Amino acid sequence: MASWGAGSWRGRVRRWRPAGVLILLALSAAIGCDRKAETAAERGPAEVRALTVAARDVPVRFEYVGQTESSHLVEIRARIDGYLEKRLYKEGGLVKAGEVMFLMDRRPFAAALQKARAQLAVQEAKLANAAANLARIRPLAAKDAVSQKALDDAVAQEQESRAAVKAAQAAVREAELNLGYTVIASPVTGLSSQAAKQEGSYLTGGAGGLLTTVARIDPIRVNFSISENEWLWFRDEVARGRLVMPSTEDFEIEVALADGSVFPQTGRVSFSEPSYSRDTGTFLVRAELPNPAESLRPGQFVRVRMIGALRPRAVLIPRRAVMQGAQGAFVWVLNSEQKAELRLVTLGDWHGEEVFVSIGLQAGERIAVEGVIKLSADMPVKVIN
C-alpha cells in the first residue's frame, strides 16, 4: 500500500506541474505590465534643452593648406673670374643688407686698375699736346701761313686724342668696378644658405659663379591653391545670396602652424593667378605676412585661413542637435503642443561646433539640442534650460 501511494502521488505531481507553471507565468506578466505602466506614468514628458532658431549674419572663413616661401630670394654670384679668398658670413645665419659675405683675391684687379690709370695719364698727355698743337696751327691757317691739310691733321689729332682719353677713362671705370666686385655683399636682409664654394676655389663670373643664396623672410609669403570645384561652389553660393565675398585684396589671412598654434601676425592677399593650372586644375593665391620675429621660415606647411566672407541671415545650430536617420539628417522640432516633431534638414558647412542649415528650419522655431537621443515622434517634452 505505501509503495502504491507514493507512486500515485508522484504521478499526480507530474500531471499538474505544467498547469502550475503557466499560472505563475501569467501572474508574473500581469505584475510586470502593471509595473511598466506605473513607470511610464511616473516618467512623464522627456526632459530636453532647447534652442530658438535665429537667422543672423555670420562671418565665415575658408581654410587651405599652404606653404611659406621667401618674399625675395637672391642668388649671390661672382661677377668676375678669380680666386675666392675668404668667406666671412656664418652659413645659415641672418645677414644684413650690405654685409660682406665673400672676398676674392683683389691683387690682380688692383694691378689692372693701376695700369688703366697709367694709360689714362698717357692719353691725357697726348690730348694736351694735340690741343696745344691745334691752338698754334689755327691762327697760322687763318693767315694762310700753313696749308689747310696741316690744319685738318691737327684737328683730327686733337679729336682722336680726346676720344682716346674717354676710352682710357672707361677702362679705369671698368677696372674700378672689377676691383669692387672682389667684395661680395648681400643686397637684402635675410637668411643665408650654405656656401657653394670654399676658400681657394676659382670662380667664373655669371651663371657659373653661384656662391650661396639669401632669403628675405620679413615679410614672408604664403602660397596656397583654390580648386575649380571650390571656386564654382563660391560662385553658386554668391549667386543664391547665401554668401557675400569681399574683393580678393580685402581678405585677411591668418596662418595656423603645424602644432595648431596661430601665427600672431595677419596679412593680405597680394597676388592671385588669373588662370587655372593645366596640371592641377587649381589657381595659385599668394599672401604676404609680416614676420618681424622671423619665426616663420621658407618651406613650412601651414593652414591658411581666409577671413572676410559673410553668410547673410544664416541659420546656425549646434552640431549635437543633428541626428542621422535613414532619410538623412534631421532635428527634433518642438511644436506648439510641446511635442517632438521630426524635421529633415539640409546641412551646409561646419562652423566650429555648429553647422549651417540651408533648408528645413525657419527663424523662431525651437529645436531640442540636448536629450535628443531619447525622443520619438509626438513624444511630450519638457524644456529645462
request  = Scan (1) at pLDDT 95 or above; (2) on the phi > 0 side of the Ramachandran plot for the single condition Gly66 breaks and write down its number.
outcome  = (2)
inquiry  = If I filter the range 212-228 for residues that are surrounded by 15 or more Cβ atoms within 10 Å (Cβ to Cβ) and at pLDDT below 90, do I get at least one hit?
reply    = no
query = Which one of these does Leu334 not meet: (1) closer than 30 Å to Gly93 by Cβ; (2) buried (at least 18 other Cβ atoms within 10 Å of the Cβ)?
reply = (1)
message = Considering only the range 247-259, I want to know if a residue exists there that is at pLDDT 90 or above, touching a Leu at 6+ places or on another chain (Cβ under 6 Å) and in a strand (DSSP E or B).
response = no
inquiry  = Suppose we filter the range 333-385 for residues that are under 44 Å from the mean Cα position of the chain (by Cα) and in a loop (DSSP other than H, G, I, E, B); how many remain?
reply    = 11
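Among the listed residues Phe330, Phe283, which satisfies the condition of being farther than 25 Å from Pro264 by Cβ, aromatic (Phe, Trp, Tyr) and modelled with pLDDT of 90 or more?
The unique qualifying residue is Phe330.
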key: Hits in the range 147-202 (condition: assigned to a helix (DSSP H, G or I), of a type outside the set (A, V, I, L, M) and within 30 Å of Arg87 (Cα to Cα))   = Arg173, Glu174, Glu176, Asn178, Gly180
ask   = Inside the range 133-146, can you point out the residues that are among the aliphatic types (A, V, I, L, M) and not in a loop (DSSP other than H, G, I, E, B)?
value = Leu134, Ala135, Ile137, Leu140, Ala141, Ala142
task = Please work out if Val53 is surrounded by fewer than 17 Cβ atoms within 10 Å (Cβ to Cβ), of a type in the set (Val, Ile, Thr) and closer than 30 Å to Glu230 by Cα.
result = no
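The values are calculated or read from the model by the stated rules, or taken from the named source; none is laboratory data. Everything numeric here is computed off the predicted structure, so don't read it as measured data. Heads up, the Cβs are rebuilt from the backbone with ideal geometry, glycines too, and the neighbour counts pull from every protein chain shown.
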